Structure formats: C-alpha cells, structure tokens
Amino acid sequence: MYISTRNNYQKVAAATAIKLGMVPEGGLFIPEEIPRISVQKLKELKGAAYRQIAETVLSLYLHDYLPEEIKSCVEKAYNMQNFQHQDVAPLTEINKNTYILELWHGPTAAFKDMALQIMPHLLSLAIKKNESHKETVILVATSGDTGKAALEGFKDVPGIKIIVFYPEQGVSKIQELQMKTTGGNNTYVVAVEGNFDDCQSAVKEIFGDRAIKNRLDAQGYELSSANSINWGRLLPQIIYYFSAYLNLWNDGEIEEGEKVNFVVPTGNFGNILAAWYAYKMGLPINKLICASNENKVLTDFFKTGIYDRNREFKQTMSPSMDILISSNLERFLFEITGHDGEKIGEWMNQLNTTGKFAIESEFREEITKILAADYAEEEETLLTIKEIFEKTGYTLDTHTAVGVKVYNKYVQATQDQTKTVIDSTASPFKFNSSVLRALQGQEVLEGKNEFDILKELSSVTGNPIHPALKNLGQQPIRHTRKCNKKDIRQEIEDILEL
Ligand SMILES: *Cc1c(COP(=O)(O)O)cnc(C)c1O
C-alpha cells in the first residue's frame, strides 16, 4: 500500500496513488514498505532483457495490477519502435572503471521517456481499476524534457487531456520546438513568463485547491500529474539501475555482489531517489553521487543540513536542472526520518513560508553514509565536454557533463576506486548550441540556425542526429499559447472551459 509523506491521508493501493498523482491534502505517495530483491533473484536476472527486468521490478510494487497487465504495459513501452537501442538503456565505457548509462534512446531523446513511455499505460489501467468515468486532466510543469516526453506518451490516449507549462526563457530552442510541434487532439502547451519553479508551484497549488477541484468535478474532470511527484513516474526509473548493474555483471565488468557508484545529474531529485530505492531493494551500491549545476541548493543542503531556496535562480546550460525546489526530496526525507510525517509537514510548511528549513545533524549523517553531493560551474561544464571528447571521442550533453565533472571532483576528494556509472540524461543534440560551443568555441555558432547547428554537431562528432530531432524543422507549429506565471490557473480554466 501507499502512504502520504505527511501522514495526512489514508493508505491507498498503487493504482489509486498513480491516478491521484499526489496526495490531495498535500504530500506525496510512497510505498509503505520497500520490497527486497534477493541475491538469488538478481542471479536469475543476469543476462535478462530490459523487459524482463522491468516486469520483475514493477510487479514488486504494483500488487493490484495483474501480471499480464504489467507484461502488456512493459511490451507497449520498451520495444524497438520506441527505443533506438536493443538494450533500451545501453552502457558505454569511457574510462577504466567509468561507464555512461545512456537513458535517451527513447522517442523524444530525453531520459524522461524511460518512465513516460510506460506511465500512460499504467495510468490508463489505474483509471479503469478505480472505475472512474471522469476525463483525466494531466497537468505538467516542465523544465523542458518532461513536457515533450509526456506529450508524446499521452497524445491521443482516450479519456485523457494533457496540459504542459514550460518557462518561456528556460528551455532550449530544440526543446521548445519539440513541444510546440506536438500533434494529437488532447494536447495543450503553454509558454509561461516565469521560471520552472513558478510553473511547478502553480501546478502543485492547483492540486491542493478544493475550489478548483469542485469545479472540475462538476464538469466531469479530475486531475493527475505526469511529473515525478507521481509514483507512476518514479517507479519505472528504478528499472534501469537494475539493468545497468546486471549488464555490467553479465559483461564481466563487475563480480557477483560487487558494489558500484551511480552519479546522477539532479534537478527534482526523482532520478536519484529511484536509485536510492534500488539500493534499498538490495542492489549493491556504494555511493549515490548527486550532481548539481550552479543552482546548487541540494549540494549546500547535504553539506550543511540547511535547505535554503532564497537565492538567485540561475539560467544555465543544463536547464533541466535549473530547480530550487526539488520535490522528491520530501520523499527522501520521509524515508530518512523513519516515516516522520509530522516533521516532514513542518519542514515543507517552513519551505513554503520562509523558503528554508533545517534538519538535525543525525539525519544529515545518515544521508551522507550513502549520498555524496557536489556541483559544477558553467565553465567547468564546457571544459568537461571538450576534454572528454578530445580524450575519448565521446560527446556529452551539458547535463551529463555536470555529472562527469562532479564525479571527477568526488574521486579527487575521496580516491574512491569503486566502478562508477554516470547517468546520461540527454542526447547532446538536444543541447546542440552549448555542446557545439564547448567543442568549437562561440564563433562557430554565428549565422547558424538550429538545424545548421545540429548538422555541424553531427559532422564534428561523427554521431548521427537523434531521429527525434532530425525532422523538427519540417513540422508545423501547433501550439502558441502563452501566459504570465500569475495566470496559470486562468489558462487551465480557459482550456477546459470551466
Ligand atoms: C529531468 C532531467 C534531469 C533531472 O532529473 P530529476 O529526476 O528531476 O532530478 C536531469 N537532466 C535532464 C536532461 C533532465 O531532463
């Protein structure tokens, strides 16, 4: 069963948690108990295909889904039409002991596809299981990649409308084009004058608002979320930690029971939290390394125990990590405090009213046993892209480069020789301008449009342009909605004709 991080809601089954998206009274759903995966089971999975690993992991959490339902969701999501690589999430060795886990072979070139290709199927079933006859409205706040991945996942799914809000100045040109060209007659895309936190806060507020809920009800709508506040988004992300580990083992890179590190370029703390669940389930992990860009609120938090979002919001080259309020930290803290919902409620309340909260040192010490954190500056990120390309021929995107830089700092500080997997969260083509600038200098961008830059990046790196991005230029713009951050609610009312 699933419980609220603020002890303010009854226990619910997985399908209800997924359908609701978040706890209506505020708070997030987490599994009451974390299932374990035995050493024997891991052994059986060694050499298994991604789909089989997926079925195993999902069944441990979705007790109210039938095995054949899970199997069918997995098959619809992780197939060769959707993913360009037969491993789904392949590993590449860039250095002795260092591997890149490529999470961007899905249809939108974002790691969000790993979860958002399956989540709509899980949600459709959840709606059926709850015998809901309402139309579901998925509200999404995105710093770029979730938006397109969610739009593609939910496009033309019967009984569902999806509305995406993104910060107008806070996404790459390619990301914006990807969203604005989405087809489907149930998709809505809104550019917001504001930053990602503004979009996310507005969406979360609407989830907690009784008045709007009643009006939606009356019109036959109910809300859900495709952000990582929804357990259905987080759960599928646990799968690739198992698959990465099992692939390393199967390839003879590690021995039975050998621990590995995972480095995670972090924004909303969803991806790294999925890694932590894998660890708690019994996957041999030594350290989880949380990598931030100059919006280093998490680095500071893990170093000092004080979470303080009162600081300048910086626009960086890794916009999917430009976040000052990391939603899933709430889940992590609930786990670390031994399910102390009162404490979490207080901290989140303080965060809401004063922008900060502090945790006791015992909790911080507990956290640092498993988690290390650091950040990379913009200049470091550029240099890392260039350096890795020159040394290894591998092209990093700006987010993955933050991970690589933070990992290098970690090794320097600790001398830790544990084999390490670095999550690669985006194709370099998605952040084409920054990556090309890193490799060739600012001048090379002059006079080039987005598509010239894609071609140039392809010829400089020798990699083919990701198929999701190749034909973007020929697609018509279908979405032109725009609003101020204060008017997000009004925009929803207009779209749904409330
Ligand atoms: C979403 C995203 C992240 C951050 O992941 P979280 O789960 O929010 O921490 C990092 N990099 C890219 C490219 C992303 O799209």
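Rg over Rh for segment 86-170 works out to 1.10, using Cα positions for both radii and the Kirkwood form for Rh. Hey, quick one: spin label on residue 156, modelled 7 Å out along Cα-Cβ, who in segment 119-139 has an amide N within reach, i.e. under 16 Å? Residues 121 fall inside that zone.
Along its three principal directions, the equivalent ellipsoid of the chain from the Cα gyration tensor extends over semi-axes of 30, 28, 24 Å, largest first.
The orientation-averaged projection of the convex hull spanning the C-alpha atoms of segment 1-76 amounts to 5.6 square nanometres. In the structure shown, the pairs 314/391; 296/386; 287/419 are assessed against 19 Å; a Cα-Cα span above that value is assigned to 314/391; 296/386.
Sort 210-217, 28-35 for me by packing, meaning the mean count of neighbouring Cβ atoms within 10 Å per residue, highest on top. Mind dumping the intermediate values first?
On the way: 210-217: 13.1, 28-35: 17.6.
In descending order of packing, they fall as 28-35, 210-217.
The length gained by stretching the chain between residue 173 and residue 490 to full extension, at 0.36 nm per residue less their Cα-Cα distance, is 111.5 nm.
Counting every C-alpha pair in segment 359-418, the share spaced more than 14 angstrom apart comes to 62%. The trypsin sites (Lys or Arg not before Pro) found in segment 1-98 that occupy coil by DSSP, while having at most 15 further C-beta atoms within 10 Å, are 11, 36, 46, 96. Over segment 145-207, what portion of Cα pair distances is larger than 17 Å, expressed as a whole percent? When every Cα pair of segment 145-207 is considered, 39 percent fall beyond 17 Å. Between residue 445 and residue 463, the simple spin-label model (points 7 angstrom out along Cα→Cβ) gives 1.8 nm.
In whole Å, what three semi-axes, largest first, describe the equivalent ellipsoid of segment 150-285 built from its Cα gyration tensor (square root of 5 times each eigenvalue)?
Details: eigenvalues 247, 65, 48 Å².
Taking √(5λ) for each Cα gyration eigenvalue gives 35, 18, 16 Å.
With a simple spin-label model that places each label point 7 Å from the Cα along the Cα-to-Cβ direction, the separation between residue 92 and residue 72 comes to 3.8 nm. Given in Å, the Rg to one decimal and the Dmax to the nearest whole number for the Cα atoms of segment 19-126 are 15.7, 49.
Stokes-Einstein, applied to the Kirkwood radius of segment 401-498 over Cα pairs at a viscosity of 1.567 mPa s and 4 °C, places its translational diffusion at 74 µm² s⁻¹.
Quickly rank 350-360, 263-273 as a protection proxy: mean count of other C-beta atoms within 10 Å, highest first. Don't skip to the end; give the middle numbers.
Values: 350-360: 14.6, 263-273: 27.1.
The packing order, highest mean first, is 263-273, 350-360.
For the pair residue 37 and residue 256, label points projected 7 Å from Cα toward Cβ lie 1.7 nm apart. Each peptide among 435-443, 254-262 gets the average number of other Cβ atoms lying within 10 Å of its residues, and from highest to lowest they stand as 435-443, 254-262.
Read-outs throughout are calculated quantities, based only on the coordinates presented, and are distinct from any laboratory measurement. Values in this document were obtained by computation on a predicted structure and should not be read as measured data. As a convention, Cβ positions derive from the backbone with ideal geometry for all residues, glycine included, and neighbour counts pool all protein chains shown.
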